[in-house]
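Okay, structure first, notes after.
The values are calculated or read from the model by the stated rules, or taken from the named source; none is laboratory data. If you're wondering where the values come from, they're calculated on a predicted model, not measured in any experiment. As a convention, Cβ positions derive from the backbone with ideal geometry for all residues, glycine included, and neighbour counts pool all protein chains shown. For the accessible areas, the whole protein counts, side chains as well, though only heavy atoms, and no ligand, DNA or RNA atoms are used. Shrake-Rupley method; radii C 1.70, N 1.55, O 1.52, S 1.80 Å.
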Amino acid sequence: MNPFTPLTLPNGSQLINRLAKAAMEENMADRDHAPSEALIQLYRTWAEGGVGLLITGNVMVDGHAVTGPGGVVLDSHDLSPELAERFSAWAEAAKSGGAQIWMQINHPGRQMPAALGQPTLAPSAVPMALGSFSRQFAPPRAMSEADIAEVKACFINTALLAQRVGFDGVQIHAAHGYLLSQFLSPLTNQRSDRWGGSLENRARLLLEIVEGIRQQARECFSLSVKLNSADFQRGGFSTEDAKTVVEMLNPLGVDLVELSGGSYEAPAMHGQARDGRTLAREAYFLEFAREIVSVAHMPVMVTGGIRRYPVVEQVLGSGVAVAGMATALAIAPDLPARWHHEQAASAELRPIPWRNKVLASVGYMAMVKYQLRRLGRGQPSRPKIAPALALACQQWQTLLGNARYRRWIKVQEK
């Protein structure tokens, strides 16, 4: 299928083409944890690059639970005019090229850095298993019924605020080992109450959040879910589980399901599995997506390792409706526009030869964030940056960001 064919979503709105900028964690918020000028410029650059859909990086539904310093937070029940203006400017910049802009909304659960100094919540008190890197994450406390109710309300509140400030939709992040993914996985959800045990119980929080947003948001407001096609950990969330969850989502008014995979412990989203399976070199999750497409009533989007036009054609030819790209657009933000006249164009980061998979994953993310900061300053990407240098830059940014976050949270708590 031609990737430049428009796509009409179940809610009646239309994407101008089948190419999407998938979420990446930018960590480029301003001192108020609102969109910075650099973040707005980054999305304006992507808007000019020709995608049909832009999905933001993590926007946190609770300022006390963030995936890292510099993350955007939208959790106020009384959003000030000044902050609303910043978010509206972000949405306007992203829509300037004709694309839809969806806000990815998220809660980290146990995947919150300990250096941020906040209590860590999770479905069960299962600590991170990252070898020597595990100490970077505090052991979580199992959530109470009140905690679960509060998280559900936070997701719904942030979605409605996103609608208010001009976003076309939201994407609920239930993948990559974050909180909702932790509820779905039997490895991290060891509860024996109505939130654990059977897959129906483990999916309950995600389904109730979807229902809550759909009931209160406008019909034309797009609602998406990002779901792991598998956790790629033995005994974890499986492809069969993913198919069943998609079937549960079918009647709930979801406009698109994005399939990815992995977590911090098994970074399959970077092409690395932990359960012995070998992922494809490109379009990592397409094999798994074909199974899930067979039961999905909504369009399906696949992300992971897509950077060449023939691969996009392969993805769309398999029944997948949208091809999502992340790293490729951090390197070449105009790649979709270039494909109109140069289908051989591609984009790839310098390989990381490190044997430690966790360290290689951290280095990979640092290299991507390095590109995003350059684009936000109006500079071209630098894909040949040495992984060690990018990681050193990221560690410095993180140290500064941690201190700034701790100051910000103290002000919020006064």
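A few remarks follow.
- Residue list for region 1-30, filter: in a strand (DSSP E or B), crowded, with 16+ Cβ neighbours inside 10 Å and not basic (Lys, Arg): Leu7, Leu15, Leu19, Ala20, Ala29
- Count of residues meeting criterion [out of contact with any Asp or Glu (no Cβ under 8 Å at 6 or more places or on another chain), farther than 17 Å from Val66 by Cβ and touching a residue at least 60 places away in the same chain (Cβ under 8 Å)] in region 92-135: 8
- Restricting region 285-302 to residues that are modelled with pLDDT under 90 and open to solvent by 10 Å² or more (accessible area, probe 1.4 Å), the residue that is farthest from Thr327 (Cα to Cα): Glu291
- Test result for Trp102, closer than 21 Å to Gln163 by Cα and touching a helix residue (DSSP H, G or I) at 6+ places or on another chain (Cβ under 6 Å): no
- Taking every residue in region 234-259 that is among the polar types (S, T, N, Q) and pairing it with any residue that is part of a helix (DSSP H, G or I) and open to solvent by 30 Å² or more (accessible area, probe 1.4 Å), at least 6 positions away or on another chain, the pairs with Cβ-Cβ distances below 7 Å are Thr239/Glu291.
- Only a single criterion out of (1) in a loop (DSSP other than H, G, I, E, B); (2) open to solvent by 30 Å² or more (accessible area, probe 1.4 Å); (3) over 25 Å from Thr67 (Cα atoms) is not satisfied by Val320, namely (2).
- Residue selected from region 323-341 under the condition at pLDDT below 95 and open to solvent by 50 Å² or more (accessible area, probe 1.4 Å), by the criterion farthest from Ala20 (Cα to Cα): His341
- Restricting region 120-150 to residues that are polar (S, T, N, Q) and part of a helix (DSSP H, G or I) leaves a set whose member that is farthest from Asn189 (Cα to Cα) is Ser132.
- Selection within region 37-60 - open to solvent by 10 Å² or more (accessible area, probe 1.4 Å), touching a Ser or Thr at 6+ places or on another chain (Cβ under 9 Å) and not in a helix (DSSP H, G or I): Asn58
- Annotation: of all residues in region 203-239 being part of a helix (DSSP H, G or I) and open to solvent by 20 Å² or more (accessible area, probe 1.4 Å), the one that is nearest to Thr56 (Cα to Cα) is Arg214.
- Only one entry in Phe137, Phe167, Phe133 is open to solvent by 20 Å² or more (accessible area, probe 1.4 Å) and touching a strand residue (DSSP E or B) at 6+ places or on another chain (Cβ under 9 Å), namely Phe137.
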